[in-house]
Every structure is written in C-alpha cells, then in structure tokens.
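The values are calculated or read from the model by the stated rules, or taken from the named source; none is laboratory data. Everything numeric here is computed off the predicted structure, so don't read it as measured data. Virtual Cβ from ideal backbone geometry, glycine too; neighbours counted across all protein chains shown. Please note that ligands, DNA and RNA were not included when accessible areas were found on the heavy atoms of the full protein model with its side chains. Shrake-Rupley method; radii C 1.70, N 1.55, O 1.52, S 1.80 Å.
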Amino acid sequence: MSLRDVFAEAGVSDVGATISQVTNVIRERGNIPTYLDNRVIEILRGAPVGEGDANLVRHYLRRLSDKGPRYRTWAQREAQLSQFNADSELDFRAMLYSQGAGRAFQWRGLDCFKTIYELALYPMMLAEIRPHSIIELGAGVGGSAAWFADMCVAHDLDAVVHAVDLKVEDGIEGAIRTWRGDCIAWVKAASANRDDFGSPVLVIEDFHGDLGQTMQALDDFLRPGDYLVIEDAIPKQMQLAQALQGRPYVIDTHYTDFFGVNCTSAINGILKRV
C-alpha cells in the first residue's frame, strides 16, 4: 500500500493540518509523545508504511475528533463498533500473553490472573470512582484481592475488599474479607444489608457463572453510580447483550477503549449503573 493510499483510506486530506492537530495534542501533554503519537507522525511525514497503518492512523484521528458520549448503551456501542469491523483492536496473541507468557502474574507471591490491561485500568478507576467496597465474585487463590487491597492503600481509600468463592474460607485479614459460598447466593443475601457496603461499590464478575442469573441477583444490590466489571468477557458477548436488555447500565468507553477499542479482557463489560 502506498502512502497516498494510506492517507486516502484514513481520510487525511491535509497532511500539514493533521500533523498540527497531533502536535497540539502532544503539546497539551507537556510535549511528551506516546509511542503511538510518534508512529502516526512518522507516517504523516512519509515514513515507509505497512499493513494496518491506514487503520492505525484512521482510528487515531477518529479518537482525536470523537465527540460522542463516554457512556453508551449496548445499542450505541454496537453502532460505534460497526465502524471498526471488529470487537477489539487487541491482537489475539497479545491477549493470550497478557496474564503472563509462562507463569501467571503474581502479587505478594500469589497468582493474580489479571491482564496487564486491567492492572493499568483498575487503579485509574479506583482514583475516579473511589469505591467504599470492592467485591470480587470469584476469588481464585487470593492474589487479586491482595492486589486490590494494596491499590486501595496507594489511593488512600478506606475500602474493604470482599472476596467470594466456593474455595476460600470465611475470614478477615486486614482490609480483605473472604466469604465461602456460591457467588449468586452471596449477592442475594448481601442485598438485604446493602447499606453496610457503602456507595459506590465496584463489583468484579470473574467466577464464570450464568451471567443472566448473576445480573438478576445484582439488580437488588447495585445502585446508581456503582460499577460492574465483567472480566473474561470475550466469549460472553451474546450473554452480555441479553443480560443488559432492559437494565439500567451503560458501557464506560473511557476505560474499555483506553488502550484501543476493547483492549481489555472486559470487552464491552466495564459497566456503570445509572
């Protein structure tokens, strides 16, 4: 593909004006470009181009000019994704390696199983949302709860991390409260004491149960302003679309698309209750 073809496909008619647009964005960041900024400018200035560069430039420029809503309903999200011809910009192999290309990422010596994308996204979410409680439905071996507890300390949050799983024992260790039991049954029981968890709360669904039943249980628990993250959502898109029908949730695209469209395990699954 020639450079002219790239510009035509990316919708670049005035290269000089486009370079100025990009440099203005960099200037707003204190004149510190990202890798992506640098690559886009290289292409605009005539660097050799390869497969995918037209999409890279087009998506980059679309983000700069996108005035659409941050929070989108499922229907609005589907319309947005139709412009990209894919559910995610994330390379399949990059996603496979995102929890570790051999051993899983660990925290405090415990397997965590978070992707590198969630490890970056959750701290930003904590800083903005400032939840009173974090609830993990599916606790694994405890590395994720330990990581969340430490991230709360780093953000000066006095939050309790509730880790629910059939394979843990009831207990309290510092800011972590573990609950042994079925996740859906736990949510239903916790709804009777919802005020004890404060507001807002951040709920992470990571136990791979029936998503419809999970959402039904959360109907009485989550309140406006609360967040629900559906991790490992790549194979759950049909279930998620069905579960969100008629329910008051919007997709927070600031986080789902921070590293590129749906560059997260929580594809279309970072949800805010409204």
> Given (1) in a loop (DSSP other than H, G, I, E, B); (2) closer than 18 Å to residue 264 by Cβ; (3) touching a residue at least 60 places away in the same chain (Cβ under 8 Å); (4) not β-branched (Val, Ile, Thr), where does residue 114 come up short, assuming only one miss?
Replying inline: (3)
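Would you point out the residue of segment 87-107, among those that are in contact (Cβ under 8 Å) with a residue 40 or more places away in the chain and in a loop (DSSP other than H, G, I, E, B), that is least open to solvent (accessible area, probe 1.4 Å)?
Checking each candidate, the answer is 98.
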> In segment 206-243, which residues are open to solvent by 20 Å² or more (accessible area, probe 1.4 Å), aliphatic (A, V, I, L, M) and over 16 Å from the mean Cα position of the chain (by Cα)?
Replying inline: 238, 241
>> For segment 64-77, check the following and say yes or no: at least one residue is open to solvent by less than 80 Å² (accessible area, probe 1.4 Å), at pLDDT below 90, within 24 Å of the chain's Cα centre (by Cα) and of a type in the set (Phe, Trp, Tyr).
In response: no
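Please verify whether segment 46-64 includes one or more residues that are among the hydrophobic types (A, V, I, L, M, F, W, C) and farther than 23 Å from residue 262 by Cα.
Step one: list which residues in segment 46-64 are among the hydrophobic types (A, V, I, L, M, F, W, C), which gives 47, 49, 54, 56-57, 61, 64.
Next, from what is left, pick out any that are farther than 23 Å from residue 262 by Cα: 47, 49.
Yes: segment 46-64 contains one or more residues that are among the hydrophobic types (A, V, I, L, M, F, W, C) and farther than 23 Å from residue 262 by Cα.
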>> Just to confirm my filter: which strands (runs of 3 or more DSSP E) fall fully inside segment 123-222 and include at least 2 residues that are of a type in the set (A, V, I, L, M, F, W, C) and more than 19 Å from residue 270 (Cα to Cα)?
In response: 160-165, 176-180
